[in-house]
């Protein structure tokens, strides 16, 4: 065109050509395959100048270029909820060529229920082709969106118990081989957001057996609403479905089809906040759903009917009646909690008080609705919305006696939910709550109109702390006996609105349990003085008597302050759980755990810190007893106990304490009682008592009992026990203790020694001294005898074995039963000093039977003809039978020479297949001179590494032998010749009347055959004295003893 004047002319262009394709009409995805890169996609472009500008010739230009690979099909799949098994999507593919029939084949790649990845054709709901192409869609309008629905594979993994999406991939391949993909997700069928549990379109078929089977189990306490989307159907068990959802107030079950549910046990157990319930024809409760407020009272649940939720006018039903009504579904109705029932006592003793305006007239304790159950109440739970409008005889708003004499109550929750803004009278409100130790929420009560607080907290014997910091007492006129006999009240917070009109009887700070000998302990209270850095544990304010505190607030308001008992030698940090003991000489002389001032704190103590210069005199009984959460005691090795006389139960039941440092200043010279000292310290694994010096010890029963993880006790052999009377249950139930050294024990003064070792199932080593005495009921266990390994040996019998001249890993002494061992230690001072371990003998001979147990034979073979010294040789002549009772292996290059030699009475060997000889090098004379042994099976013995088999069966009478593939006779084993009949051997069961002498073998023939192994075969002596061989009768040396019947001659038929 450069030669033409382009402007002002009209040009017509025609372009035609073809893309390169494969033989099956597909576009190649890889242009390098089959050298497609060398094949050009040709486009022929021609142009012609319009007729008004005629040109004499037509120019054609061939253009060679690679055409861009076509765009793939586009897919869009909607995410869906698991287990509905259908997906919806759209697909578009613009590619078309000529008159080709355009189609798309769809496949799915997914994770199946086993976790494996699979790819399979996608099952189109309405395929557009014939049978055999269920995954094909005809693309009749290329470039247009085609909508489709497909079924997911039946084995696709769903997310019944997961909160994560489960992805899968859909691939579309068109008729030209061009592929497009998209990823979609199976979404979980449930979710919890902002307290709302939403259950999506789903078939619920978990068949739950416990609350943990439901996927939202760990979120129950946060759920306050449940929403069912359309299409939810339930099957089998719905047990525990909404259990433990106290914040759930409204529940509509009408959108869930429950007609195929088989169990609803405890479905709503613990949903204590439920107050509105919508049920319908598809709601079915085949078993007890445990509705809250299940009582015998009528009017528990009220049908809304034609009324409203706040003013229902329908049927009234108890919880059980409501559940029964919908056992198989019933008419749809909204049931609301009957507000006439504003409290309930659960089976666990919890008194729940629900939103209600209490307007009862109160003249006595019995006028409160819940008076009848007061003795069963253990906990009070006040819900929001409780308004007190009750009045007394003087027409005053009152909470008088409200919780009085609930003697089992230990906790009151939700006092802040109690609207007392009108209340004038709170006399005896908490009086007689003898079990409660804290009343939280008091400070949040509205007391702006309060005038009477007389005896309000009287007789709260265990009350330890009380916070009145926000209680407005400016109008109060009576405070008489307000704290009377609250003798454990050790922390009291008052405010600038506190005013005492009469004596509130605040008790003096207590010394319980005493320690009155110490001048360092006061009986005063002390103000915390938070402004100067004081704390409840370490107060820095003034020391005051109880009278001083009362005077500060009598007929006037006093300061904002917290007062605590003065403790200047110990304190407890509730946040860290640390009990700190400061420098002090402790002289409590405790007679029980309750003697200690921290007795009520024990279960909260996780750590004890002993400062330096802490000492004690007299008894430390129960000092740290029962601190079940205690994990460490710092400074114990600096605790001076040189003047202590009793350590009875000192660390008893400290089940979480992993270690104790009893060294240095921890002295025991004067201690006479150590009973239960470490009893039930279940976390202890090792204990070192080598610092103990016990010349005055008289009682040590159960000192280490119940230490179930204790494996070692170091220093036992330093104990002096000359004066000890009781050692009963010394190591009782120490199931992991492996050794005990009692060599220093003198048990001559003993009166109780039963069960010393009872339950010590792992005890495998004990060291006893000359003054040790054992009784029949000392509980010494048998060895397990189960073949367990001990170093390089094994324990195969129930016996114990004296170490003797050996060591604990290779004992050489006698083997003894428990009874025999106990009998060696009678009450005298000249018993043997010996260490005993579990029997490690790997054989024994009893009743002519040599029993061989699990063992590795490691006698080495050095190429000489010197046999090992077999330990049973002295008893060879009495052995009649050998039994392998355990697996016996051979060490590398093992020497088995003479193993069973000289057992002249041996007739049977059982279990020889348990002898693993793959490492054996020498079997020289292995059965030599076993004159009574006639049969042996060595087919299972691996002789492939054996270098010497000479005289293996020499001087035996073996007439039957079984050999195998691993049999190797390197030298002549001395297999005996048959001295009778044909003097030959034959394969067992191989002979019949037609067999000739060709099948008979000499002993040497058999030996030759098995020089390198052969098939397994049993060979026996041929005892016949005649053979017919190819019509030739051969008669061998024999004493013929035919005997005719009486009165007759020998007949031809009498000959064999």
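Within segment 829-849, how many residues turn out to be closer than 22 Å to residue 765 by Cα and more than 42 Å from the chain's Cα centre (by Cα)?
The number of residues fulfilling the criteria is 7.
Which one is farthest from residue 923 (Cα to Cα), of the residues in segment 850-877 that are more than 50 Å from the chain's Cα centre (by Cα) and buried (at least 16 other Cβ atoms within 10 Å of the Cβ)? Talk me through it step by step, then tell me what you get.
Narrowing segment 850-877 to residues more than 50 Å from the chain's Cα centre (by Cα): 861-869, 873-877.
Right, trim to buried (at least 16 other Cβ atoms within 10 Å of the Cβ) and you get 861, 867-868, 876.
Working: 861: 10, 867: 10, 868: 11, 876: 18 Å.
Applying the filter and picking the extreme gives 876.
Any residue that is outside any strand (DSSP E or B), modelled with pLDDT under 90, at negative phi and in contact with a strand residue (DSSP E or B) (Cβ under 9 Å, 6 or more places away or on another chain) - is there at least one of those in segment 577-584?
yes
Could you list all residues from segment 675-697 that are assigned to a strand (DSSP E or B) and closer than 10 Å to residue 662 by Cβ?
The answer is 687, 688.
Could you please let me know if residue 602 is buried (at least 18 other Cβ atoms within 10 Å of the Cβ) and in contact with a helix residue (DSSP H, G or I) (Cβ under 8 Å, 6 or more places away or on another chain)?
Answer is yes for this residue.
Tally time: how many residues in segment 508-540 are modelled with pLDDT of 85 or more and either in contact with a helix residue (DSSP H, G or I) (Cβ under 6 Å, 6 or more places away or on another chain) or not in a loop (DSSP other than H, G, I, E, B) (or both)?
6
State all residues of segment 774-807 that are crowded, with 20+ Cβ neighbours inside 10 Å and free of Cβ contacts under 8 Å to residues at least 60 places away in the same chain; if no residue qualifies, say none.
774, 779, 780, 783, 795, 797, 799, 800, 801, 802, listed by residue number.
In this structure, does residue 724 turn out to be in contact with a strand residue (DSSP E or B) (Cβ under 6 Å, 6 or more places away or on another chain), assigned by the TED database to the domain that holds residue 802 and either in a loop (DSSP other than H, G, I, E, B) or buried (at least 22 other Cβ atoms within 10 Å of the Cβ) (or both)?
no
For the condition within 30 Å of residue 667 (Cβ to Cβ), in contact (Cβ under 8 Å) with a residue 24 or more places away in the chain, within 40 Å of the chain's Cα centre (by Cα) and crowded, with 21+ Cβ neighbours inside 10 Å, what is the one hit in 624, 572?
Answer to the check: 624.
Of everything in segment 738-754 that's in a loop (DSSP other than H, G, I, E, B) and in contact with a strand residue (DSSP E or B) (Cβ under 7 Å, 6 or more places away or on another chain), which residue is nearest to residue 781 (Cα to Cα)?
Among those residues, the one meeting the criterion is 738.
Go through the residues of segment 240-251 one by one and say whether even a single one is out of contact with any helix residue (DSSP H, G or I) (no Cβ under 8 Å at 6 or more places or on another chain) and touching a residue at least 40 places away in the same chain (Cβ under 8 Å).
Checked segment 240-251: no residue is out of contact with any helix residue (DSSP H, G or I) (no Cβ under 8 Å at 6 or more places or on another chain) and touching a residue at least 40 places away in the same chain (Cβ under 8 Å).
If you check residue 913 against the conditions, is it touching a strand residue (DSSP E or B) at 6+ places or on another chain (Cβ under 9 Å), part of a loop (DSSP other than H, G, I, E, B) and closer than 19 Å to residue 1019 by Cβ?
Spelling it out, it is not the case that residue 913 is touching a strand residue (DSSP E or B) at 6+ places or on another chain (Cβ under 9 Å), part of a loop (DSSP other than H, G, I, E, B) and closer than 19 Å to residue 1019 by Cβ.
Exactly one of (1) without any contact (Cβ under 8 Å) to a residue 40 or more places away in the chain; (2) surrounded by fewer than 17 Cβ atoms within 10 Å (Cβ to Cβ); (3) assigned to a strand (DSSP E or B) is unmet by residue 192. Its number?
(2)
Out of the residues in segment 335-345 that are touching a strand residue (DSSP E or B) at 6+ places or on another chain (Cβ under 8 Å) and without any contact (Cβ under 8 Å) to a residue 60 or more places away in the chain, which is farthest from residue 409 (Cα to Cα)?
335
Which one of 843, 838 is under 25 Å from residue 908 (Cβ atoms), out of contact with any helix residue (DSSP H, G or I) (no Cβ under 7 Å at 6 or more places or on another chain) and touching a residue at least 24 places away in the same chain (Cβ under 8 Å)?
Just one listed residue meets the conditions, 843.
Pick out, from segment 392-499, the strands (runs of 3 or more DSSP E) lying fully within it that include 2 or more residues that are in contact (Cβ under 8 Å) with a residue 40 or more places away in the chain and crowded, with 21+ Cβ neighbours inside 10 Å.
Strands (runs of 3 or more DSSP E) meeting the threshold: 491-494.
With the requirement that a residue be farther than 24 Å from residue 975 by Cα and either in contact (Cβ under 8 Å) with a residue 24 or more places away in the chain or assigned by the TED database to the domain that holds residue 943 (or both), what does segment 1028-1056 give you?
Correct list: 1028, 1029, 1030, 1034, 1056.
For segment 795-817, how many residues are touching a strand residue (DSSP E or B) at 6+ places or on another chain (Cβ under 6 Å) and closer than 18 Å to residue 858 by Cα?
Adding up the residues that qualify gives 2.
Among the numbered criteria (1) assigned to a loop (DSSP other than H, G, I, E, B); (2) touching a strand residue (DSSP E or B) at 6+ places or on another chain (Cβ under 9 Å), which one does residue 645 miss?
(1)
Report, by residue number, each residue of segment 969-983 that is surrounded by 19 or more Cβ atoms within 10 Å (Cβ to Cβ) and at pLDDT 90 or above.
Answer for segment 969-983, where residues must be surrounded by 19 or more Cβ atoms within 10 Å (Cβ to Cβ) and at pLDDT 90 or above: 969, 973, 974, 975.
Looking at (1) farther than 16 Å from residue 799 by Cβ; (2) at pLDDT 90 or above; (3) outside any helix (DSSP H, G or I), which one does residue 875 not meet, given that it meets all the others?
Just one mismatch for residue 875, condition (3).
Output yes when any residue across segment 755-768 is in contact (Cβ under 8 Å) with a residue 24 or more places away in the chain, farther than 20 Å from residue 817 by Cα and assigned to a strand (DSSP E or B), and no when none is.
no
Which members of segment 782-815 meet the condition of being in contact with a helix residue (DSSP H, G or I) (Cβ under 7 Å, 6 or more places away or on another chain) and part of a loop (DSSP other than H, G, I, E, B)?
Within segment 782-815, 782 is the sole residue that qualifies.
Having 2 or more residues that are more than 23 Å from residue 199 (Cα to Cα), modelled with pLDDT of 90 or more and in the same structural domain as residue 422 (by the TED database) is the bar; report the strands (runs of 3 or more DSSP E) wholly within segment 258-364 that clear it.
Answer list for segment 258-364: 350-353.
The values are calculated or read from the model by the stated rules, or taken from the named source; none is laboratory data. Just so it is clear, the structure is predicted and the values come from calculations on it, not from any experiment. Note that each Cβ is placed from the backbone with ideal geometry, even for glycine, and that neighbours are counted across all protein chains shown.
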